[in-house]
Amino acid sequence: MIESNCEHSIDDDNFTFLSNTSQRSTNNFEIDNLANRFEKKTATDILKWSIEKFGNRVALASSFGAEDVVIIDMMVKIDKSKTKILTLDTGRLNQETYDVMDEIRKRYSISIESYFPDSQQVEQMVRTKGFNLMYESIENRKLCCEIRKVNPLNRSVASLDGWITGLRREQALSRLNIKKIEIDPTHNNILKINPIADWSEDMVWEYIKENAVPYNKLHDMGFPSIGCEPCTRAISKGENRRSGRWWWEESSQKECGLHIDISKKK
């Protein structure tokens, strides 16, 4: 049984975090101490703390993959009134992704805040680079990701004190060292909360099955990782789960830019 009800509390009496300001009272030492305590807590414990601490100033940024629907189910069970879900509609998603968005919205009677790319940026990009620019170079692909995903995410979290992700350490080499709670220097030093960082893929699917959580049907078609339709394909048995993303690129660390720490870029 995954994530049974827990009564554990997270002692954060000494933790202070100023809302919506660059003058955060939190420092790296404080966050490291909190992260160390969180490491032993369950995803439900962490989400409960996040929701109680920040209310609607914390949100899940969801692409509606398997990990994200698990977190949505947990959040709703903790406090539906404070469950805030953001999503990035790039304009190039699979129909199955829109289907699960509506299924989640209706199943839990919650709203989903959808953020779109700037139309002028998209129009200019397509006029100068073409409709399928992502296949021509890594630079073009990253430009497309930046305009369609990164910039909308920046807008969506600008007024928040924290954002929640479905990142797991075993997903990719670039995610091996993520913590369950981190400072996000890319977004004005708000908190980045990764409640299922230590989960395995089996744990994700066990939770989905035990709780009858709606999920993206592309997963049943061999898509472990789902992004935009032109940039995602099904994988074969034995392939790395991220090999279906930007499969034409020769790289072991593929990211769209949503989870790049600018403080570590040279």
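Read-outs: derived from the displayed coordinates by stated rules, not from any lab. In this text the structure is predicted, and so the values were computed from the model without any measurement. Every residue, glycine among them, receives a Cβ derived from its backbone with ideal geometry; neighbour counts consider all protein chains shown.
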### Summary
Picked from the stretch 143-152 (must be of a type in the set (D, E, K, R) and either more than 16 Å from residue 91 (Cα to Cα) or surrounded by 20 or more Cβ atoms within 10 Å (Cβ to Cβ) (or both)), the residue nearest to the chain's Cα centre (by Cα) is 149
### Query
Residues that are buried (at least 20 other Cβ atoms within 10 Å of the Cβ) and among the small types (Gly, Ala, Ser): which strands (runs of 3 or more DSSP E) entirely in the stretch 46-137 hold 1 or more of them?
58-61
### Query
List pairs: first in the stretch 163-187 and within 17 Å of residue 224 (Cβ to Cβ), second surrounded by fewer than 20 Cβ atoms within 10 Å (Cβ to Cβ) and among the small types (Gly, Ala, Ser), Cβ under 7 Å, 6+ apart or cross-chain?
170/200; 173/252
### Query
Taking the stretch 153-202 as the region of interest, how many residues are part of a helix (DSSP H, G or I) and either among the hydrophobic types (A, V, I, L, M, F, W, C) or crowded, with 22+ Cβ neighbours inside 10 Å (or both)?
3
